[in-house]
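First up is the structure itself, then whatever we jot down about it.
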Amino acid sequence: MSKLHLRLLLLFLFCLSWHCMQAQDNNNDLHIKDTLSPKASKTHLHSPKKAAWMSAVLPGLGQAYNHKYWKIPIVYVGFGGAGAGIYFLNKNFTYYRNEYRYRLNGQTDKLKPELTSWSDENIEAMRTYYLRYLEIVSIATVLWYIVNIIDAVVDAHLFYFDVSDNLSLDIKPNITTSHLFGKNQLFNEISLTLKF
């Protein structure tokens, strides 16, 4: 990954995190009614902004703040896979890039003996192939980082959402008999009543 790509990536991350932090309503953190859930009666209310910052500083920390500990290994497995992919692709990209540079510069003493039968076009094609996938995996890593932050913010917003067993859905069939236009013709109506 070139220095220009890295700078643009860091600038994008900074702008995105700044925008996400400014988009949060400042009063949203502190004005939650106690009637939402028993959790909401605590003196310290849950802050989505704090969850976002914690996940931005250390991925997985926002999930721990939201008490979603089971998500932390998922976050790090994603980063571990992305890191292994970046390492593998960068190693192969560097290998073929150096071989291609040595051939262009005429440095025959540094050429790899196992690649002597390969043409310059094949070496360049392999270099381009690994560079392309290195950039794709790098972008996927950045997206995984952003998803980590978004997940922490969403969980923090839903922290007081009541998902207890007290919630219920009551379905009752309803059969009624009615007269049509005052005549003696009877019609049965069957309906379902949903009660939350």
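Taking region 77-112, which residues are assigned to a helix (DSSP H, G or I) and basic (Lys, Arg)?
Result: Lys91, Arg97, Arg101, Arg103, Lys110.
Collect the residues in region 107-129 that are touching a Phe, Trp or Tyr at 6+ places or on another chain (Cβ under 8 Å) and open to solvent by 100 Å² or more (accessible area, probe 1.4 Å), keeping them in residue-number order.
Hit for region 107-129 is Thr108, nothing else.
Could you count how many residues in region 136-158 are open to solvent by 60 Å² or more (accessible area, probe 1.4 Å) and assigned to a helix (DSSP H, G or I)?
Within region 136-158, residues that are open to solvent by 60 Å² or more (accessible area, probe 1.4 Å) and assigned to a helix (DSSP H, G or I) number 8.
Is it the case, given these coordinates, that Arg132 is among the charged types (D, E, K, R) and surrounded by 14 or more Cβ atoms within 10 Å (Cβ to Cβ)?
It is false that Arg132 is among the charged types (D, E, K, R) and surrounded by 14 or more Cβ atoms within 10 Å (Cβ to Cβ).
The values are calculated or read from the model by the stated rules, or taken from the named source; none is laboratory data. Treat the numbers as computed from the prediction; the structure is a model and nothing was measured. We place every Cβ from the backbone using ideal geometry, glycine too, and count neighbours over all the protein chains shown. We work out accessible area using only protein heavy atoms, side chains counted, and drop any ligands, DNA or RNA first. Shrake-Rupley method; radii C 1.70, N 1.55, O 1.52, S 1.80 Å.
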